[in-house]
Every structure is written in structure tokens, then in C-alpha cells.
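Visitor: Before I ask anything, here is the structure I am working with.
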Amino acid sequence: MATRIPRIAADKLLKHATRRAPINLTTCQPCRLRTRPLHTSAPRRTSPDTNPRSASDKPASSNVRTARVAPVGWLVGGGLVASFLALSQNHDTEHLPEASVSPSGDNRDPSIPRFRLSDVRKHGPDSSEPWVTFEDKVYNITDWIEAHPGGDVILRAAGASLEPYWNIFSIHNAPHVKEILGQYMIGFIDAADLGPDGRPAAESIEDPFEDDPVRDPRLITHTLKPRNAEPPNEELDRTFYTPNDLFYIRHHMWVPVVEEAKADEFALTVELPDGEVKQYTIGELKAKFPMHKVTAVLQCSGNRRNDMTRHAGKTNGLQWGVGAISNAEWEGVRLSDVLADAGLNTTPDQPEANSLHAQFTGAEAYGASIPLSKALSPTGDVLLAFNMNGEPLPRDHGFPLRAVVPGNVAARSVKWLNKIVISDEESPSQWQRRDYKSFGPNEGPNPDWEKAPSIQEMPITSAITGVWVGDCVRKGKVPWMGATENHGTTNPCPETTPDNEPIALQGYAYSGGGRKITRVDVSLDGGATWDQAELVDDCSNPATPCHGNKTWGWTRWRYEGTLPVLSLLPTTTATPALPPALQKVGQDCEDGFGRSRGLLGKKDEKNKKCTTLIVKATDESYNTQPESHKGIYNVRGNLATAWHRVKICPECTKGNGKPGGLTWSTGETYGCGFRREAEEVRVGMERAASLVNGKK
Ligand code: MTE
């Protein structure tokens, strides 16, 4: 296998912990802490070839081994680990010795061994005795791996510092975790490898993200490490298939490295309920099974979370705009074909199909599962995909192999897929059991996690991704209104009257479970009146044919209408009535009348007379979106599917001596007049992200 991700205890643990005994989250036992004084445990040594601890010197391991083993995928960084650790009642551990290295010397306890970083590096992931460092200390974690709640993910740090990983999985910043780590301390980092601050130099600390791919600069980045980014609105649904380099990215960890030349050797393990295990390389999968194409959206359950935050209250999680969704053509082999070949004889109509689950694990240890009924459904189109939009999967999107589960939340479409287990339980990962669930508005930050089902099929949603008003419509700036549609400079929109501005909107609508979008409703006046958008029939376009048994892709929509501008302007002012011709509005702006008419500058934001554009969609089952986010509010901000609203406000533009003009503002969508603000939003978000994460 060409992946660099080491796999030792993980398989064993996963098998043991996920297929057999049901996991009772509330009865899991914590890692046990040893009570033996640290200072007697580690004889001084500098060679890494021999274990500094003698065979009899392993109380930590025996304690850990007697603890109930936490399954792989109860991952670092999330609530399950928190509860796991919170259960630890044993507080009788020693404290770690304090670091004290200064330019004047090493004042740390001289009886404790010193190790050079070059020695530590020899105890990497493939070593039988993996070591890690944390701050100025060295730990032999051999015995911890089995009991580590995150399974062998910790091995990623072996031979180097834990710090970058614990910075990602900030749950480790808890005294309990440091106490547990303290059990495995074998010495100090030699003072020669420490900087003036008593810590290893930054460059000697491995960056787990250093092998991450280079990303398209147009992506709006929410976090740099791990990278989470969405395409800007103007790129999101410009085309039916989102280009690969603009497809949104949602990572929980780093991107595993798989050499291109060795991709065909990348192995997928399939484990059946009876314990039977079969392995396929990618080369074998490609040679043995027929290839299929499926057109499918991937959408994060946090898509539009930012919308929920703004309209209903604070939510935890990445503040996605409307772009945590993208559409692609996927190609690969059917999961159901592979499972049948591996020996699974359950058929989709058997009751078993409803009680079993297909658990997926990625090479960096992310995990999730889907009901086996979906995996086996002859119309479910679940793929083990190698290609995306006609090219091999990009690294960010799962190269060389990912599950694609059309119609379901994208969290189940596991990237860098290297293991499938058919189990009577859902994946034990926090992403299955916690993060991707939704709760009632009353339930607060500590709900009964087991009560809610994990999100699978996605509800219906839609969003406005572009708005054009006035001149920019007249001047032919709307990409899909070409000269052929008579909206060029010389042919103003026919419906436009002097008191109305032409308006154009575009966006997407999508419903999970393969349910087709049948209608998209648009309101230009905050929901008082409604009109219908045109649904773009991309699937009938020979350039973008759709594949699959159901409507797994999104539906793009467009709307052309007129905005009654005069109704947006105040009529109760002392200034003369606004002349109907919009050119005159420009003159008014220049003369200062605009200010009193509500065409106001930023500082008068509150007084502006604005209107709210709304979109909502309906699918073939007559599901439609809820009116407000308040009713579906949940602290995690999942499934933010309420009507999408975009407020637009008239503004005066400066005429610089000549008549000014009328323009429109919104911070959310693009179009001419809006592009500047959209750009500001983007730069602001990136600046915030770089402050939080450090620039990559
Ligand atoms: N698979 C792995 N191995 N690791 C991950 O972090 N993220 C999941 C899913 N599969 C994830 C994963 C989530 S939450 C989402 S929304 C989608 O991948 C995002 O897929 P994309 O980055 O290709 O858009």
C-alpha cells in the first residue's frame, strides 16, 4: 500500500470494538493512570535502540491494557473523547517535572535521561517502539496506542512532536490528557535541541499539513490547517459541474500522501459480519468490476450555517456561507458489486439490510457509516469512486479512492477510503455519533447524543448565489443573459419601466435522497408576493449529461424580473417627489437628495430602505424549506435550510461632478455592484482564518 499512514493496531481494534460488543458510550472506561513515581522509571540512556524501560518497568501498559479498549475512530478532537476522558476518576498521578532550560543552562532534574531529537526520529511510526515529544519531554507511547481513544492516529506523530496534532485536536488541552501522557515520559529532550524558550525550535516540529496540496487561490478559506474552504459565489454554480479545483473542501485532518505511481496498489479491506476479510487493490477493483458514473452533489451538513447564526443565534462550527456544496460527475465501481464479490450475501430486501451498516474508514482515520440498505440498493448508486469530473480524484477529494454516497450528507462520503466493515453498529467515530446530528432548538450544547439519529439523507435547500440589478442587467453583465437574449447595452430589458429596475437572480436548489426539485419560488419583497424561477435543464444538455438512477445532482435556477424601485424610496420626506426616470435618481444623488430619500451611505445603514430577496424550493415529494432558522435552530448549526434571504439596499454612487447613479449593496452575493462587497467578505474571512491558524 502506498499510503504513508501507518496501520498497526487499528485493524485489530476496529474489528474487536466495532463489530462485536455493542458500544455503550456511557459505560466506556477511561485510560487508567499509573501511580508509580516517574523518576524511577527511566534509566539514563541516549541510544534509541534499546527500550529505556525494562520489561518489569511497565505498570502503565498493564493498567492501560486492563482498561476497556476504546474503538478506533473515537477520535481526538471531539466530544466522545471529552466524555471518555471525563470519566477518568483516577487523579493520583504524579505531575510532570517542570521544564527549566535557559541560555545559562539546563536546570531540569539531572536524574532524568536526555534524548537528542535525532534519537526520537528513529522511533517513528514504523518503529516497534514509537516515541513522541511534547514541549521539552520525550514519551514512549508504545503501550498507549491500543488505549488511545483516537486509535493509531497518534502514530502519525511518532518520531516527532505531538504538539501540531494536539493543536488540531484541541480537546487534548485538558489536564487529564496531559496526565495520561505523563505516564509514558522517558526523559527530556537534550538541551542542545532546545531553543532559548526551553522548547524545540519551530522548524524541528513536523507540520502534519506540509504535504497538503496547493489550493486554488479563489477558494474562500475558513481554516487553513486542516483546510476548509468554499468556492466564491461567482464560481460555485457558474457551471453545472463544479470544477475540481473549486469544489468545496472539508477536511478534519491532513491529506494523506499516496504516490500517484503506486495508486493502483492502494488497498481496500472489506470485512464482513462473519469476520471474513477480503482485500482489493485499486488495480483489482478497476479490472474486476464494471465502471459506473453518477452525477451527485456533496453537501456538508454545515452548509449555510452562517445564515443560521445571523438569523437565529450563535452556532458552533465552521461558518460556511452557501458554498459548502458542489456538484460533480463521479466514476467508479458500485459498492454493492464489491460487497457481493467479497461474499456478502445479504440482499437489499432482507430485513438485515436495514439493521446492518457499512462503515467506512479513511487513511487518516476519519470514519463514518451508512445503512447497508443504502449501500446495497440497486437504485442507491453508492460508488467507490476513482474519478471526479473525468479526472482522477484530486488529493483533496480523496485520491485514490473515496466512497460517494449520493443523496446523503457528504460526511458519509469518506475520502482516502481504505477500509469497509459491515457491522451491526454504526461507525463508532465522533463524526457518526456526534458531530453530524441535529437537535431541537431547546436542546442546547449538551444534548442526549444517542437520542438523535445521525444525519443521512439531506433535507431540501436552495440558495441565491448571484444578484444583478439595474444597469448591470441592462449592460449585459449577467453571464447567462447573452446578446441573444436581448439584454445587451442597446436592448434594455423589455419589462423595464422608468420606475422599475431590471433584476436577475441565480442559484441552486437541492434535495437529498434523490428527490427531484420541481419548483423554485422567488420573492423580491420579503415574502409578500412570489414568482417562479426557471429551472435550468442541465441534464438535457449534451455537454453535461446526468448519470444515476435518481436526481442526485443539484438544480440550477435563474430568475429575471423587475424590482419596483420607487417603492423602496421614502416618500414622506420634505424633498420634492422623485422623478420617475431613474437617470434623475442619479442627479438626485449628486444633489444630495438621495440622502434624504433613503439612498444612504454606510453610516446611515439603519435608516436605509431595503428589500429582501428570498428563494425557497420544493421537491417531488412536496417537501419545502422552513421559513425561518429560528424553528430549526440547533447549537451545532447543522441543516440550516430555511428560506435563503438576501437583503439589498439602494445606494447613491458618486458622480464626481456629473450625475451620480443608483447602485445596490449586499454583502453576500455577487453581481455587478455586489462584487466589491463579496470581495470584502472574502478577504475578511481569510484574514480571520490566517490569524487563527497561521498562514500556510
Ligand atoms: N473523509 C475523510 N477521510 N476525511 C474527512 O475529513 N470529511 C467529510 C467527508 N469525507 C472527510 C471525509 C466531510 S464532513 C465532508 S462534508 C466531505 O468529505 C467533504 O468532501 P470534499 O472535501 O471532497 O468536498
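Visitor: Identify all residues within region 290-336 that are among the acidic types (Asp, Glu) and either within 10 Å of the ligand (Cβ to nearest atom) or within 16 Å of ARG238 (Cα to Cα) (or both); write none if there are none.
Guide: Across region 290-336, the qualifying residue is only GLU329.
Visitor: Go through the residues of region 382-405 one by one and say whether even a single one is in a loop (DSSP other than H, G, I, E, B), closer than 29 Å to HIS629 by Cβ and within 13 Å of the ligand (Cβ to nearest atom).
Guide: Among the residues of region 382-405, at least one is in a loop (DSSP other than H, G, I, E, B), closer than 29 Å to HIS629 by Cβ and within 13 Å of the ligand (Cβ to nearest atom), which makes the answer yes.
Visitor: Now for a separate question. Exactly one of (1) within 16 Å of the ligand (Cβ to nearest atom); (2) surrounded by fewer than 24 Cβ atoms within 10 Å (Cβ to Cβ); (3) not aliphatic (A, V, I, L, M) is unmet by GLU450. Its number?
Guide: (1)
Visitor: Among the listed residues SER413, SER373, SER429, identify the single one that is assigned by TED's automatic domain parsing to the domain that holds VAL333 and more than 14 Å from the ligand (Cβ to nearest atom).
Guide: Criteria check complete, one pass: SER373.
Visitor: Of the conditions (1) over 25 Å from LYS419 (Cβ atoms); (2) within 16 Å of the ligand (Cβ to nearest atom), HIS252 clears all except one; give me its number.
Guide: (1)
Visitor: If you go through region 320-345, how many residues are surrounded by fewer than 18 Cβ atoms within 10 Å (Cβ to Cβ) and assigned to a loop (DSSP other than H, G, I, E, B)?
Guide: Total meeting the criteria: 2.
Matching residues to (1) in contact with an Asp or Glu (Cβ under 8 Å, 6 or more places away or on another chain); (2) over 25 Å from VAL255 (Cβ atoms); (3) in contact (Cβ under 8 Å) with a residue 24 or more places away in the chain; (4) surrounded by fewer than 17 Cβ atoms within 10 Å (Cβ to Cβ):
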{"site": "PHE188", "(1), (2), (3), (4)": "yes, yes, yes, no"}
{"site": "GLY195", "(1), (2), (3), (4)": "no, yes, no, yes"}
{"site": "PHE209", "(1), (2), (3), (4)": "no, no, yes, no"}
{"site": "ARG215", "(1), (2), (3), (4)": "yes, no, yes, no"}
{"site": "ILE220", "(1), (2), (3), (4)": "yes, no, yes, no"}
{"site": "ARG227", "(1), (2), (3), (4)": "yes, no, yes, no"}
{"site": "PRO231", "(1), (2), (3), (4)": "no, no, yes, no"}
{"site": "GLU234", "(1), (2), (3), (4)": "no, yes, yes, no"}
{"site": "PHE240", "(1), (2), (3), (4)": "yes, yes, yes, no"}
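Visitor: If I go through region 242-266 residue by residue, how many of them are farther than 30 Å from ASN167 by Cα and buried (at least 18 other Cβ atoms within 10 Å of the Cβ)?
Guide: The qualifying residues number 2.
The values are calculated or read from the model by the stated rules, or taken from the named source; none is laboratory data. Everything quoted here is computed from the prediction, not taken from an experiment. All Cβ positions, glycine included, derive from the backbone under ideal geometry; neighbour counts span all protein chains shown.
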